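Reading through the structure tokens given below for one structure.
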Amino acid sequence: MRDHHLTCQEIVELVTDYLEYALDSETAAQFEEHINFCDGCAAYLGQMRAAIETVGSVEPEDVPQETLDGLLVAFREWKRT
Amino acid sequence: MIGYKFLRADGSTVFSGFSWPLPGSEPGPWVEVPVHPCRSGIHACRAGDLSYWVGETLYEIELDGEIVEQRHKVIASRGRLLRRVRAWEDGLRDEFTRMCANRAHEIARAEPVLTALDEDIEPSISDGPAMLGFMAAAIAEERGGMDAYRAERERQAAWLAERLRS
């Protein structure tokens with residue numbers, strides 16, 4: 001458990017763990033407490049949920065080869081930088 | 001067990017987006033979900049937890065089945081909304097916001113180092129009761145640490161619980 005309430009920056013850092021149920025119960029409660037009063041972070045959480053829902057419904061064969069190739073190049077370049 | 005649940009104006013939850021079947025003249029139907037705290041289950045709060053979760057609309061909820069009580073919330077395997085607490089929308093929500101703003105002013109003005117925070121309070125009124133509740137507690141935290149933050153939250157919850165009882 002943290003000895004302070006969570007900041008917006010910490011919410012951004014923790015959002016993936018929250019959505020994957022990887023936070024301990026106290027941190028999850030602090031996360032939700034922040035989301036409850038912070039409209040910006042609530043919107044961010046909603047966008048992340050929507051993105052996961054959308055991407056999660058795309059099968060590899062649904063992605064055009066050109067897009068796959070572009071993504072692979074982008075990831076390889078990203079790793080080098 | 002009877003608890004409370006805040007929902008958005010359209011009856012959906014802030015965290016999962018689930019749309020609750022709302023009560024009319026009779027309670028709403030039972031909703032059943034296996035209990036896994038923070039993962040699934042019917043999440044609600046006790047009177048002492050109200051200040052942490054304030055939202056647009058407030059309902060009384062009946063909880064049944066497996067019930068797990070945590071520090072600021074309760075999770076159950078069954079729940080149904082009993083009634084909409086109209087008093088919340090009919091003035092209590094605004095009174096709570098004003099009370100939190102006044103309290104935030106009081107704490108901020110008591111310490112010269114916190115007076116800069118005092119200027120942020122009134123412009124935040126339009127952000128609603130959840131933000132003002134947080135601001136009052138966060139300014140208390142600046143003065144007295146996390147214990148002061150929690151004490152302010154408890155004070156807010158007691159204020160709300162007293163008015164919901166009457």
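Looking at the stretch B:21-29, can you tell me whether even one residue there is open to solvent by 80 Å² or more (accessible area, probe 1.4 Å) and within 14 Å of chain A (Cβ to nearest Cβ)?
The answer is no; no qualifying residue exists.
Within the stretch A:25-47, how many residues turn out to be at the interface with chain B (Cβ under 8 Å from one of its Cβ atoms) and of a type in the set (Phe, Trp, Tyr)?
The qualifying residues number 1.
Quick one: would you say B:ILE75 is modelled with pLDDT under 95, under 30 Å from B:PRO29 (Cα atoms) and under 17 Å from the mean Cα position of the chain (by Cα)?
Numbers: modelled with pLDDT under 95: yes; under 30 Å from B:PRO29 (Cα atoms): yes; under 17 Å from the mean Cα position of the chain (by Cα): yes.
Here the answer is yes, as B:ILE75 does meet what is asked.
Which condition does A:HIS34 not pass, out of (1) part of a helix (DSSP H, G or I); (2) exposed (fewer than 10 other Cβ atoms within 10 Å of the Cβ), if it passes all the others?
(2)
Within the stretch A:15-24, work out how many residues are surrounded by 13 or more Cβ atoms within 10 Å (Cβ to Cβ) and facing chain B (nearest Cβ under 9 Å). Steps first, answer last, please.
Step one: of the stretch A:15-24, the residues surrounded by 13 or more Cβ atoms within 10 Å (Cβ to Cβ) are A:15, A:17-19, A:23.
With facing chain B (nearest Cβ under 9 Å) added as a condition, the list becomes A:18, A:23.
So the count comes out to 2.
For A:TYR21, work out the one condition from (1) touching a residue at least 12 places away in the same chain (Cβ under 8 Å); (2) on the phi > 0 side of the Ramachandran plot it doesn't fulfil.
So the condition that A:TYR21 fails would be (1).
Here is a list: B:HIS105, B:HIS43. Which entry is within 14 Å of chain A (Cβ to nearest Cβ) and in contact (Cβ under 8 Å) with a residue 12 or more places away in the chain? Explain how you work it out, then say what you get.
Numbers: B:HIS105 fails: within 14 Å of chain A (Cβ to nearest Cβ).
Going through B:HIS105, B:HIS43 in turn, just one is within 14 Å of chain A (Cβ to nearest Cβ) and in contact (Cβ under 8 Å) with a residue 12 or more places away in the chain: B:HIS43.
Would the stretch B:43-51 turn up any residue that is open to solvent by less than 10 Å² (accessible area, probe 1.4 Å), hydroxyl-bearing (Ser, Thr, Tyr) and not in a strand (DSSP E or B)?
yes
The values are calculated or read from the model by the stated rules, or taken from the named source; none is laboratory data. Just so you know, these numbers come straight off a predicted model, no measurement behind them. Methodologically, a virtual Cβ is constructed for each residue, glycine included, from the backbone with ideal geometry; neighbour enumeration extends over all protein chains shown. Each accessible area value is taken on the protein alone, full model and side chains, heavy atoms only, with ligands, DNA and RNA left out. Shrake-Rupley method; radii C 1.70, N 1.55, O 1.52, S 1.80 Å.
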